[in-house]
Amino acid sequence: MIIAKSEFLLRTKLDPQTLEVWVHEEWLLPQDGEFTEADLSRVQLINDLQNVMGVNDEGVGVVLHLLDQLHGVRRAMANLMDEVRRREPH
Amino acid sequence: MKSPYEILGVAKTASADDVRKAYRGLAKKLHPDLNPGDKSAEAKFKDVSIAYDLLSDNAKRAKFDAGEIDAAGNETAAARERQYYRDHPQARQQQNAYASSAGFEDFAGDDLFSELFRKQAEKQRNAKGADAQYRLTVSFLDAVNGGLQRISLPGGGALDVNIPAGIQEGQTLRLKGKGNASQGTGGHGDALVQIAVAPHAFFTRVGDDIFVELPVTIKEAALGGPVKVPTSTGSVMLNIPKASNTGALLRLKGKGVAGKGDQFVKLKIVLPQMPDAALNDFLSDWSPDASYDPRKEMQL
């Protein structure tokens, strides 16, 4: 599951400078300099945002930030639903 | 099946630019990562991608218009299975580095959401501490007989481990409450101690049985008699029967691991290290019985 930086560059076909910028912008958050499968998918998403949807660099940051919040909300909602279901009399 | 023109919602006469714009518009709406909860988005986006793949390539578009290929006739890169970010469990976990719950900060006070987050955070903080992992190498005899061992912890302090008699290589002991502390009120996690057993100079172990090879003199082997034998719990006297050969296996009942198995003693005849004049004199004069041919089975 853990992907070293060199392999990550190979699989994403990113050049090292671009990766550096993306990490600096916190679009990607490697842990101890290593990446995961989820980061691979995140790179594809960023590529889609930029190339398919024409989102510019500023926009990519905004989209990712909102998306991460959306996942947070969805997780909270899932927890809330679990809690509600747990308390429901059977 | 819908035609790629229908899927993208463009006329057959649409320019490459129109096609691209239509695709871009639909991608913004249908991209699975922008619709984390919509299971149908993936299939729809796939159709759109296949349609765009076909219509954005002039050669393929011409072939399609000429009826040479159908809408799904050449699924290419766009159609390949792909894992979206939303599909990764990380996207949904709290431990995720990307996870953000900043979206709730305005739900201040006793609101349901902030309450839920407070409880969540509290639950996490008050969860039991993490288990700590250690490795401990014990001597052969400690593994057989049990005993108290002390592990010095990297952060100072020590951990006393009570080794149960008969523990085996690779077994893990769980010391309740000896792991890492909780951040809140959850109490300590457990310490998990994986045991390695060091080999012994002359004992070996198979299950609950202990094996030892016992060197004996030629006299003890031939005439028999009591000899001292080491066991895991101290030495005992063993009576060697007359005419016991090298390799003979004698059993000490109940002298195995933790009283469960047996100890097996394998005899090995050892000649004196230095030539023994008396023995040599005797052997020179000795004519063995004709039936004594240890190499009989080799038919030399």
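No lab work stands behind these numbers, since they all come straight from the coordinates. These numbers were taken from a predicted model, which means no experiment stands behind them. Positions of Cβ are generated from backbone atoms using ideal geometry, with glycine treated the same way; all protein chains shown enter the neighbour counts.
Details
- For the pair residue B:209 and residue B:250, label points projected 7 Å from Cα toward Cβ lie 1.7 nm apart.
- Highest-MSF residue in chain B out of B:243, B:130, B:51 [GNM, Cα springs under 10 Å]: B:51
- Volume of the Cα convex hull of the protein assembly as shown, divided per residue and given in Å³: 369 Å³
- DSSP-defined antiparallel bridges as percent of all bridges, chain B, nearest 5: 60 percent
- Dividing the helix sum by the residues of chain B, where each DSSP H run of 4 or more adds -39500 (n - 2.57), gives a mean residue ellipticity at 222 nm of -8000 deg cm²/dmol.
- Mean projection area, nm², convex hull over Cα of region B:203-275: 4.9 nm²
- Taking other Cβ atoms within 10 Å as a rough exposure proxy, B:281, B:289 sort from fewest to most as B:289, B:281.
- Ranked A:3, B:195, criterion: other C-beta atoms within 10 Å, fewest first: A:3, B:195
- Neighbour-count ranking [beta-carbon atoms within 10 angstrom, fewest first] of A:87, B:82: A:87, B:82
- For chain B, the relative contact order comes to 11 percent (Cα pairs under 8 Å, sequence separation of at least 6).
- Structure remark: mean-square fluctuation, Gaussian network model of chain B, C-alpha springs under 10 Å; the largest value among B:30, B:271, B:238 belongs to B:30.
- Contour excess over end-to-end distance, with Cα ends at residue B:185 and residue B:130 and 0.36 nm allotted per residue: 18.5 nm
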